[in-house]
Amino acid sequence: MQFSEAAVNGWFGLVPLIIAFPVAGLLVNLVLGRRLGERFTGFVASAAVALAFGVAVLQGLALLEHPEGARVLVADWITIGELSVPWAIQVDTLSVTMMLMVTGVSTLIHIYAAGYMHDDVRFQGDPGRYTRFFIFFNLFVAAMMILISGDSFLTLFVGWEGVGLCSYLLIGFWYEKGKDGIGNALAGKKAFVANRIGDFGFLIAMFLAYTNFHSLTFETVFEHAEAAGPEAGLAVTLITLFLLLGATGKSAQIPLFVWLPDAMAGPTPVSALIHAATMVTAGVYMITRTHVLFHLAPVSSSVVALVGAATAFFAATIAVGQFDIKKVLAYSTISQLGFMVAAVGMGAHVAGMFHLVTHAFFKALLFLGSGSVILGVEHGHHAATHGHGDAHGGHFDPQDMRNMGGMGTRMKATFTVYLIGALALAGIPPLAGFFSKDEILLEAQHTNLPVYVLLTAAAFLTAFYMGRQVFMVFFGKPRSTAAAHAKENPPLIVLPLVALAALSLLGGALNLPGLHTLGHWLEHTLGAEKAPEFSWLVAGVSTALALAAITLAWRIYGRRPLAENQPDPIAAPLGGLFQALNQKWWVDEFYEWLVLRRYVRLSAWLAHQVDTIFWHNWFHDSVLAAGFRRGTRWLAEGFDLPVIDGASAALARWVTDIGGGLRRMQSGYVRNYAVYVLAGVVLMLSFFLVRSLS
Amino acid sequence: MTPDLILFLALALLAVATAVAMLASRSAVYSALFLVLNLVTVAILYLLLNAAFIAMVQVTVYAGAIMVLFLFVIMLLGSQQAAVGPDLPWQRTVSLVLGAALVALMGYVLLAGSRGTLLTATALLEGFGSPQSVGRVLFSEYMVPFEAVSTLLLAAMVGAIVLTRDERTEGR
Amino acid sequence: MNIPTNYVVALSAVLFTLGVVGVLIRRNAIIAFMSVELMLNAANLAFIAFARAQQQVSGHVFVFFVIAVAAAEVAVGLALIVTIFKAKHSIDVDQVSSLKG
Amino acid sequence: MNTTLLLEWLIKSVIIVFFLLGGFAYLTLFERRVLAKMQVRIGPNRAGPWGLLQPVADGVKLIFKEELIPDKADRLVFILAPIITVVPALIVLAVLPFGPEVTIGGRTIHLGLADDINVGVLYILAIASIAVYGITLAGWSSNNKYALMGGLRSSAQMVSYELALGLSFVGPILLANSMSMRDIVEAQADWWFVLVQPIGFVIFLIATLAEVNRAPFDMPEAEQELTAGYHVEYSGMKFALLFMAEYDKMIAVSAIGAALFLGGYWGPFVDQVPWLGPIYLLAKVLAILFLMIWMRATLPRFRYDRLMAFGWKIMLPAALFNVAATAVGVVLLGLGG
């Protein structure tokens, strides 16, 4: 391991540990986990991530002293010709911000998961998978660290693929469950395939970057791109657009967002950690990391902003029509990611990163809170059926909000923190969400009006669907026996929620208007960014809209709570629109029609025409087999018989002839043999004599 | 031509003549007798070459025992006449040519260049070739070979007895 | 004997060759056998000549051994011939081509 | 090459040969007379006083006999065989010392042809082994089955007993610490080796009887079984040669035995009067010869397989034991030189 000088002098040299600790944790659990039991497994996994968090904190403290950061070389990785990709870790304010956020939230979610999974594996009927879960979880953290810390496209891509793998593994954690017994597996596959499309874009972008700028290291690529100037404009635009494709895959933007709602099939901590707080933000992080390129490609930036804004609004509308508590949050996540993408598209990287961090707090909180609610309902269902009904059967859906109601009185702590999270998401001051969302809206109002309108509408919808959810879940009377029997969860689950709630409350302090702490902090990496002045108008509009939306929600869902089996009150007035919202605008069906059916038909046609007729019937049978037969026949008749056989036959004939000649020497007469001996003696003596004479 | 040379040449001539006669004789008994003569001639040469002990051993063992044995067998078998029957056509010619070539080669080597030590040019040690001198070397340096040869003789004796034993007259 | 060593050795060579020729051209096993003895004898003569030239009694010892071995050889060899004669009533070496008794 | 020395050797050789030739002639007479006495007969007494001219008469008779050569015999070998037989008997005594040094006309002379060569004993063995050929070849060349069987028996017998004979020589060699016959005889100036080598002497006597084909080991010429053995086809002077060889060998081995075991030429006053030496030696030879004739008169002939078994199973182990015992005695008791 080699360290740069700055790293050797400071704490930066420790940064590889941020990857090493989770790897160590997963290795320990891999080897010993099953033998040592749940408590140990959970402790090891949580401790590994907590130690990584400690390392991240150290890095942050070191950065306070040396804001310029460092590049820590771990190993020479790939050297082929002029291509040289070392495995180096980039320590700067951006990556360390991500590290702090990821490891911090991860630590809390690990602790939560230690409690949650204890129950979950039992409800799902396979306690043995407890260890496997934490191995995957630690693996995810390690991959995420590689993604964040990489100083080149390739190292980032390694992490990118690593987290994709973990996502796939964890979505399909209960692979034998779900619709028809394959629903979860299909969900994992969907996530994987959607991500592949994005990864394809990322790879193309990487190839283009290398072709044009002869490097894969961020720094070098940026330098070369800037040096190339306008000439490289097209190339940079292409690169950034393909990067955007990658980002839409990972960060669930239009058109590749469809996998994220399905990803809710994974256990709730997975939804919270991977599909809300960390992995899905990787696209945002990647765009931020390559902001130099996006600066050079205004067209791409606009596209990014529009894609983000459209996604934010589109996903928000869908969230309104959902009944699954986690699906609502999933579309909310997509929507909020749209906010971030829009922000970075507009060049407001600080705002994007700010929202990324605060969103991580409150969305993780909301997911974990929903998990707490679900667990509570499961417990209730379990208690109501006296332990002999199947708690996870098809008849009862513990995630359906229509089966809940009145949870606020039964799970007070959960209700409290959930309320905080919801308000933060809705953008009610002074909670974290308000500040971060406000900055984005402010930036949009300044630079891009369509984006502003879309985002504002999305913000209104956000407040509405969060109000709808809170009222449906926590207020009113229980609409099922399970909900009626629900009870609060143990502290191991609740305490992380409290911590996250505190962060959601106070997270806005990171980048208060006027202070811009985060902005100054990230300046070292992203360069000075002129933040727009705080606008009372923008803030007021958004706050007013949010309050209005909440009021609306209260009028619809809070004043007269839903009764058992009563349809959604807005379904009737909205009619077909609600159907569209509930069915997610038939996007999946559209994709099915647009891509899948054609793809399957094309595949079938190709299978028949190309594989069967062309390759198998014609190429294999006519060309290969027949050619091989012809070739072997020629070899057999033209080569083997005359040359090989001929040679051995001739050899045998020679041996026979020579042997026949020599046989005459074998007369059987002793005196004859003696003559040969004498002849040999005479010959040898002659030889020696001649040699001595010459 | 010194008297020594004449003596040597005479003995050499006798030796060669007896050897040739041995080969040429049609009767095996004559062959044996010529060989005895040859051996005695060589024994005399041994005497002249200061190898008195070996000369006596030669006469005693070779002429007196081995050749008697030969004669004994020849007479016992009654096959003193040379075997009749078709001879190999070229065997005799080739053998004679090769033999001549061998003699020519060795003769050239021995007589063309240096003639070697003149045998009287070096003063002889006292008692060279006497039974004492030979015995002293034989029973010191060559003790092991001597014992080996004695074993060999014993084995040969046993072998000869076993080979020629007539089992029909056994136990008489 | 005031003659060069080589003369004696040359005589030995001639006698040796005569022995060889005897082995080659005589078909009577006993005479072939005697020819072998002639060859041994010729070798002995060379031994004695060299022993005299080198003043080494070892040469005499070798001759002694050769004679002893020759005696053993003749004893066994003649025994074999007698046995063969008993079986085949011939001592033509060319007819002794079977190892069967 | 010293002419005087050559002449001296020539004279010695002639003396030895004549001694043996004359010895052979009168040994036959001696044997016949002794045998006659033992068998209570008179023996030859007509030719000359006490029959002394009898050998001459026999010789003349044989010279005038017809020389028969069988038709299918191998003529060359048939003629050579008696010569081959007689030569070893004549030359074997070349290494025997007949007496101490004497001085004739200012020259110091060894009474012996090559009595001081350091392989004297080996020479005797070598000649003894050569002696087989004559008998074998005689038997073979006659192309007579009896003769051949006699020859083969003779070969086998002589080869077998040669081992014991050679081993019986080892005792005196060890005691004298030399293979020179003169050294061996000189070593017996004070006492005879027979005193410490009684077994060796007995083995020597028995083995020499076998070597020279004397009764009771006269298998090769066993009249009853083989008519007359290897010399059944011989007649005239060739028969005389074979006969002579046998008796000369008797004389030779007796002389050798005397030299090896009975102190050779040593006797009272030989120190002062060297010429007494040959006389003492002759007396000892006569004594051994008398012993041989005595045995012939006394003992019946062995069966052939018993003879071979005796040679390999009794004589050889006994001789080996004697060698080992002598060696131990020489090393531990300090016997000999």
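The values are calculated or read from the model by the stated rules, or taken from the named source; none is laboratory data. Source: prediction; values computed, not measured. All Cβ positions, even for glycine, are placed from backbone atoms using ideal geometry, and neighbour counts span all protein chains on display.
Comparison of D:Leu93, D:Leu68, D:Leu113 shows that the only residue that is under 30 Å from B:Leu71 (Cα atoms), more than 13 Å from every other protein chain (Cβ to nearest Cβ), assigned to a loop (DSSP other than H, G, I, E, B) and out of contact with any Gly (no Cβ under 7 Å at 6 or more places or on another chain) is D:Leu68.
When every residue of the stretch B:76-89 is checked against the conditions, none turns out to be at pLDDT 75 or above, over 25 Å from the mean Cα position of the chain (by Cα) and either more than 30 Å from D:Leu122 (Cα to Cα) or facing chain C (nearest Cβ under 9 Å) (or both). The set of residues in the stretch B:24-55 that are crowded, with 21+ Cβ neighbours inside 10 Å, at the interface with chain C (Cβ under 8 Å from one of its Cβ atoms) and in a helix (DSSP H, G or I) comprises B:Ala28, B:Ser31, B:Ala32, B:Leu35, B:Asn38, B:Leu39, B:Val42, B:Leu45, B:Tyr46, B:Phe53, B:Ile54. When residues in the stretch A:404-419 are screened for being surrounded by 23 or more Cβ atoms within 10 Å (Cβ to Cβ) and either farther than 13 Å from A:Ser372 by Cβ or of a type outside the set (Val, Ile, Thr) (or both), 5 of them pass.
The set of residues in the stretch A:84-98 being crowded, with 21+ Cβ neighbours inside 10 Å and among the hydroxyl-bearing types (Ser, Thr, Tyr) consists of A:Thr93, A:Ser95, A:Thr97.
Looking only at the stretch D:270-284, decide whether some residue is in a helix (DSSP H, G or I), among the acidic types (Asp, Glu) and either over 23 Å from the mean Cα position of the chain (by Cα) or closer than 30 Å to D:Ile83 by Cα (or both).
Step one: filter the stretch D:270-284 for residues in a helix (DSSP H, G or I), giving D:276-284.
Those still in the list that are among the acidic types (Asp, Glu) too: none.
No: zero hits.
Every condition in (1) touching a helix residue (DSSP H, G or I) at 6+ places or on another chain (Cβ under 9 Å); (2) within 7 Å of chain B (Cβ to nearest Cβ); (3) under 23 Å from B:Val134 (Cα atoms) is met by C:Ser12 except one, and the failing one is (2).
Only one residue in A:Glu161, A:Glu176 is acidic (Asp, Glu), surrounded by fewer than 24 Cβ atoms within 10 Å (Cβ to Cβ) and closer than 27 Å to A:Ala205 by Cβ, so which one is that? Spell out the reasoning first.
Numbers: A:Glu176 fails: closer than 27 Å to A:Ala205 by Cβ.
So the residue among A:Glu161, A:Glu176 that is acidic (Asp, Glu), surrounded by fewer than 24 Cβ atoms within 10 Å (Cβ to Cβ) and closer than 27 Å to A:Ala205 by Cβ is A:Glu161.
Criterion first (in a helix (DSSP H, G or I), within 24 Å of the chain's Cα centre (by Cα) and free of Cβ contacts under 8 Å to residues at least 60 places away in the same chain) does A:Ala52 satisfy it? So A:Ala52 does not fit the description; no.
In contact with a strand residue (DSSP E or B) (Cβ under 7 Å, 6 or more places away or on another chain) and either within 16 Å of B:Val109 (Cα to Cα) or at the interface with another protein chain (Cβ under 7 Å from one of its Cβ atoms) (or both) - does that describe any residue in the stretch C:49-57? The answer is no; no qualifying residue exists. A Cβ distance below 6 Å, combined with a sequence gap of six or more or placement on separate chains, defines the contacts here; from the stretch B:116-137, residues that are within 13 Å of C:Gln54 (Cβ to Cβ) and facing chain C (nearest Cβ under 7 Å) reach residues that are at pLDDT below 70 and assigned to a loop (DSSP other than H, G, I, E, B) in the pairs B:Leu119/C:Met1. Can you say whether D:Glu101 is surrounded by fewer than 23 Cβ atoms within 10 Å (Cβ to Cβ) and more than 7 Å from chain B (Cβ to nearest Cβ), as far as the supplied structure shows? So D:Glu101 fits the description; yes. Residues that are more than 7 Å from every other protein chain (Cβ to nearest Cβ) and under 12 Å from the mean Cα position of the chain (by Cα) within the stretch C:59-76 comprise C:Val66, C:Glu73, listed in sequence order. Would you be able to say whether some residue in the stretch A:652-659 is without any contact (Cβ under 8 Å) to a residue 60 or more places away in the chain, closer than 28 Å to C:Asn28 by Cα and of a type in the set (D, E, K, R)? Scanning the stretch A:652-659, I find no residue that is without any contact (Cβ under 8 Å) to a residue 60 or more places away in the chain, closer than 28 Å to C:Asn28 by Cα and of a type in the set (D, E, K, R), so the answer is no. Checking the structure you have, find out if any residue of the stretch A:182-201 is under 27 Å from A:Ala20 (Cβ atoms) and aliphatic (A, V, I, L, M). Checking the stretch A:182-201: not a single residue is under 27 Å from A:Ala20 (Cβ atoms) and aliphatic (A, V, I, L, M). Kindly indicate the residue of the stretch C:56-101 that is small (Gly, Ala, Ser) and more than 18 Å from C:Met34 (Cα to Cα) and also modelled with the lowest pLDDT among those meeting that condition. Only one residue tops the list, namely C:Gly101.
Here is a yes/no grid of residues against (1) modelled with pLDDT under 85; (2) in contact with a helix residue (DSSP H, G or I) (Cβ under 7 Å, 6 or more places away or on another chain); (3) in a loop (DSSP other than H, G, I, E, B):
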| site | (1), (2), (3) |
| --- | --- |
| A:Ser372 | no, yes, no |
| A:Leu375 | no, yes, no |
| A:His382 | yes, no, no |
| A:Gly387 | yes, no, yes |
| A:Asp390 | yes, no, yes |
| A:Gly394 | yes, no, yes |
| A:Pro398 | yes, yes, yes |
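Hey, among D:Val87, D:Val95, which residue is without any contact (Cβ under 8 Å) to a residue 60 or more places away in the chain and within 30 Å of D:Val121 (Cα to Cα)? Exactly one of D:Val87, D:Val95 is without any contact (Cβ under 8 Å) to a residue 60 or more places away in the chain and within 30 Å of D:Val121 (Cα to Cα), namely D:Val87. Of the residues making up the stretch A:234-264, those that are out of contact with any Leu (no Cβ under 7 Å at 6 or more places or on another chain) and of a type in the set (Val, Ile, Thr) are A:Thr237, A:Ile254, A:Val258. Taking the condition of being within 17 Å of D:Leu195 (Cβ to Cβ) and crowded, with 24+ Cβ neighbours inside 10 Å, how many residues in the stretch D:267-287 meet it? Residues meeting the conditions: 0. Annotation: A:Val453 fulfils all but one of (1) free of Cβ contacts under 8 Å to residues at least 12 places away in the same chain; (2) part of a loop (DSSP other than H, G, I, E, B); the unmet one is (2).
Selection of helices (runs of 4 or more DSSP H) fully inside the stretch A:537-594 by the criterion of at least 1 residues being within 36 Å of the chain's Cα centre (by Cα) and under 28 Å from A:Leu423 (Cβ atoms) returns A:571-574, A:576-582.
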